[in-house]
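Structure, as structure tokens:
The values are calculated or read from the model by the stated rules, or taken from the named source; none is laboratory data. Everything numeric here is computed off the predicted structure, so don't read it as measured data. As a convention, Cβ positions derive from the backbone with ideal geometry for all residues, glycine included, and neighbour counts pool all protein chains shown. Quick note on the areas: whole protein, heavy atoms, side chains included, nothing else; ligands and nucleic acids left out. Shrake-Rupley method; radii C 1.70, N 1.55, O 1.52, S 1.80 Å.
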Amino acid sequence: MAPSALLRAAAAALRRRARIAAPLTHTPTPPPFPFDDPTPNPAARRHLITLTRRPCPNPPSAAAAAAASYYVDRILLPSTFSRPLSTSSRSTDEGKEDGVPAAASWVERRLPEAARPYAMLARLDKPIGTWLLAWPCMWSITIAAMPGELPDLKMLGLFGCGAILLRGAGCTVNDLLDRDIDNKVERTKSRPFASRALTPTQGVCFLGSQLLLGLGILLQLNNFSRVLGASSLLLVFSYPLMKRFTFWPQAFLGLTFNWGALLGWAAIKGSLHPAVILPLYTAGICWTLVYDTIYAHQDKEDDLKVGVKSTALRFGDLTKQWISAFGAASIGGLALSGYNAELAWPYYPLLTAAAAQLAWQISTVDLSDRADCNRKFLSNKWFGALSSLLIVLSRSPGCILRHEWRLDAVVFG
């Protein structure tokens, strides 16, 4: 059929529809006609059409309805789009301002379509959580190294892989338990369970595979570490429920995310040294209260609507005072742990750099701006990196030699 004949048929079908149904309303402007431009711009393609229906006194015949649908679908609407359509806005987790399209992550660009929901469920497209889980492990492993030696690279690799798996398992548990809440929160409505990209059964199977791989890593550690690592699962499974019962779910997240501070030392030493590890664990918990309270301010309006709790709601207008106190406690815990572990002198001046980074994010964060809260939250990977670097430099052979040389100079003149 010639194009002109197709156009006439489509126009006739639309006129018939107009006589029996409510008119179409659309915003902001009608899209360009497909035949005028074979590749219309994305903004035109993403127009929203709202249909309002009224009872139809004279319903059309089945043949007329099928013809109209065929011509509207196949002729008037484009068959391909430059990017996937979505009914929800992009999350600020992706580091974009509201209204500005976010770039596709490597998961969307590289992985097969069938694997994408699982990668999104494990948050492989958002590695910040893995970094925040891994850094306390790295602190502990590095402090446990013998003076003058670098940390055990094999252990660092094992704990890095474990952080990816445990973080993914924790996200899977969280999304399974929160799927009825996530679809009511703007930032989380596109998650795999909330958007029905995955079923709960598929999620449970995926969780089993993550835990099985994690077990493979745990079995490579000593017996004490195996028991200690397995006991963290109680926190992993209970944390997602805390927001329903207490305003302090961020404290429970701190207990969970910083378990590696205990496990890293145990993996090297085969036991725990409370004078070193407990201040380090406490520092990690206080650090988590800082960054996750900032993060929770992104969702405070939605949290009020759905009835879940957070430290962002608990602290309210006093948030900066609270997180400043937690930040100071975190730096104090790191200093005490380093002192009890007899770290070399560079540890303390370098610790001021980490303290400055933490003070910067607390003092400059705009708690009413979701995008800025997200930016400050993401910056915590640098705090963890600075803290790890200062421990490495304080344990490295060069620092130890310089430290001993200075002592000799003082004692012997």
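Structural remarks
- Residue order for L228, L124 - accessible surface, 1.4 angstrom probe, largest first: L124, L228
- Value of Rg to Rh for segment 254-372 (Rh from inverse mean 1/r over Cα pairs, i.e. Kirkwood): 1.05
- Percent carbon-and-sulfur accessible area, segment 271-318, ignoring ligands, DNA and RNA, probe 1.4 Å: 60 percent
- On the basis of the beta-carbon distance and an R0 of 30 Å, A115 and K305 show a calculated FRET efficiency of 0.35.
- Accessible surface ranking for R191, R179, 1.4 angstrom probe, highest first: R179, R191.
- Relative contact order of segment 129-197, pairs being alpha-carbon contacts under 8 Å that are 6 or more residues apart, as %: 24 percent
- Entries of K243/K381; K126/K305; K154/K381; K320/K376; K243/K300; K300/K381 with Cα pairs more than 20 Å apart: K243/K381; K126/K305; K154/K381; K300/K381
- Shape of segment 93-211, Cα gyration tensor, a/c cut at 1.5: prolate
- With eigenvalues of the C-alpha gyration tensor scaled by 5 and rooted, segment 165-324, Å: 29, 24, 9
- Pairwise Cα distances in segment 188-280 exceed 15 Å for 70 percent of all pairs.
- Per residue accessible area of segment 117-188, 1.4 Å probe, in Å²: 37 Å²
- Solvent-accessible surface (1.4 angstrom probe) belonging to V306, in square angstrom, nearest 10: 40 Å²
- Fraction of alpha-carbon pairs over 18 Å apart in segment 309-365 - percent: 43 percent
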